[in-house]
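Chemist: Here it is: the structure, laid out below.
Only the coordinates and a few stated rules stand behind these numbers; no lab work does. Treat the numbers as computed from the prediction; the structure is a model and nothing was measured. Positions of Cβ are generated from backbone atoms using ideal geometry, with glycine treated the same way; all protein chains shown enter the neighbour counts.
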Amino acid sequence: MENTEIITKLEPIPHTALPYPFEDYFLSSLTSADFPRLVELYNADLAYILLSPPYPYTLEDAKWFHDNRAHNRFPDYPGTQEAWVIRSESHGGILVGICGSHPVPEKEHHFRLGYFLAPEFRGKGIMPAVVAEVLKKFPGAIFDAEAEVGNMSSQKVLEKCGFQKVENGGFEETWPASKGGGVRQLLKFVRQC
Ligand SMILES: CC(C)(COP(=O)(O)OP(=O)(O)OC[C@H]1O[C@@H](n2cnc3c(N)ncnc32)[C@H](O)[C@@H]1OP(=O)(O)O)[C@@H](O)C(=O)NCCC(=O)NCCS
């Protein structure tokens, strides 16, 4: 049986509405209808900002993410999944961004936070509200996060959501040439939920 079929048989995760003043936005799950939107977004400026997604990003990459990662469930935290798709009601449920709660291999109750918004939805305060909702679903868990030294808006999201910068946690990462290249400076953040 294909993973896609298994996923459609999973009990769906109910939508989570964001609180005022973000009631237009809600958290839901990835569907195959989102694949072209992921291709559009990951091949635009996110290609240079985010290290982990492949570039160029294809419909097959989106299907792989859907089938292998996005719908992972964490039984210790009922009603959770790996990829939280942020949608806008007034934009017909379009994918506005993703917040990922990625399990850290071989570390129980330990996750890595990742997130992005489509360019037209940035700078409105949406992501701090999203991260706060996602973290509430993982009581007791530890979340790590990383942000480039120059990515002030990402660092502000983490600070607003109660993350602490890890002292002496800075490190370097070599970016692939196809994604803009260079050796970039990153900071580590952590939060106990
Ligand atoms: C990072 C991101 C998720 C932030 O989400 P958002 O909903 O736009 O965040 P906010 O609207 O709360 O803005 C973040 C804060 O950064 C501030 N900010 C933005 N650019 C800044 C800059 N160059 N210098 C200082 N502060 C800046 C904003 O003013 C805001 O602070 P304020 O609320 O105190 O005014 C979003 O910009 C994004 O998707 N960026 C591209 C992908 C990305 O960088 N992902 C994270 C990788 S680590």
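Chemist: Size of the dipole of region 15-131 about the Cα centre, Lys and Arg at +1 and Asp and Glu at -1 on the beta carbon, nothing else charged, in debye to 20?
Modeler: Rounded to the nearest 20 debye, it is 120 debye.
Chemist: Calculated from DSSP H runs of 4 or more alone, at -39500 (n - 2.57) each and per residue, what is the 222 nm mean residue ellipticity of the chain, nearest 500?
Modeler: -6500 deg cm²/dmol
Chemist: Still on this structure, please answer the following. Rounded to a whole number of µm²/s, how large is the Stokes-Einstein D of the chain at 10 °C and 1.306 mPa s, given Rh as the Kirkwood radius over C-alpha pairs?
Modeler: Value of D from the Cα-based Kirkwood radius: 92 µm²/s.
Chemist: Report, ordered by chain and residue number, the aspartates and glutamates lying within cross-link reach of residue 63, taken as a straight Cα distance under 20 Å and ignoring same-chain residues fewer than 8 apart.
Modeler: 2, 5, 11, 34, 40, 82
Chemist: Of the beta bridges DSSP finds with both residues in region 3-145, what % are antiparallel, to the nearest 5?
Modeler: Antiparallel: roughly 85 percent of the beta bridges in region 3-145.
Chemist: Identify, among 94, 135, 35, the residue whose Cα sits farthest towards the positive end of the charge dipole of region 3-145, taking +1 on the Cβ of Lys and Arg and -1 on the Cβ of Asp and Glu, with the dipole about the Cα centre.
Modeler: Result: 135, furthest along the dipole toward the positive end.
Chemist: Moving on to the next point. Kindly rank 79-88, 43-52, 12-21 from highest to lowest mean number of other beta carbons found within 10 Å of each residue.
Modeler: Result, highest mean Cβ count within 10 Å first: 79-88, 43-52, 12-21.
Chemist: Here's another thing I want to ask about it. Give me the number: length gained by fully extending residue 120 to residue 24, i.e. 0.36 nm times residue separation minus the C-alpha to C-alpha distance, one decimal in nm.
Modeler: 33.1 nm
Chemist: Sequence neighbours fewer than 8 away in the same chain don't count; with that in mind, list the lysines whose C-alpha is under 16 Å from residue 136.
Modeler: Residue 136 reaches 160.
Chemist: Now for a separate question. Step through the residues of region 33-40 one at a time and calculate ³J(HN,Hα) from phi using the Karplus curve (6.51 cos²θ - 1.76 cosθ + 1.60, θ = phi - 60°), rounding each to whole Hz and writing x for Gly and Pro.
Modeler: Working through the residues one at a time gives 5, 7, 4, x, 5, 5, 4, 4 Hz.
Chemist: Determine, for 127, 152, the number of other Cβ atoms within 10 Å of each Cβ, and report the residues in order from fewest to most.
Modeler: Listing 127, 152 from fewest to most nearby Cβ atoms yields 152, 127.
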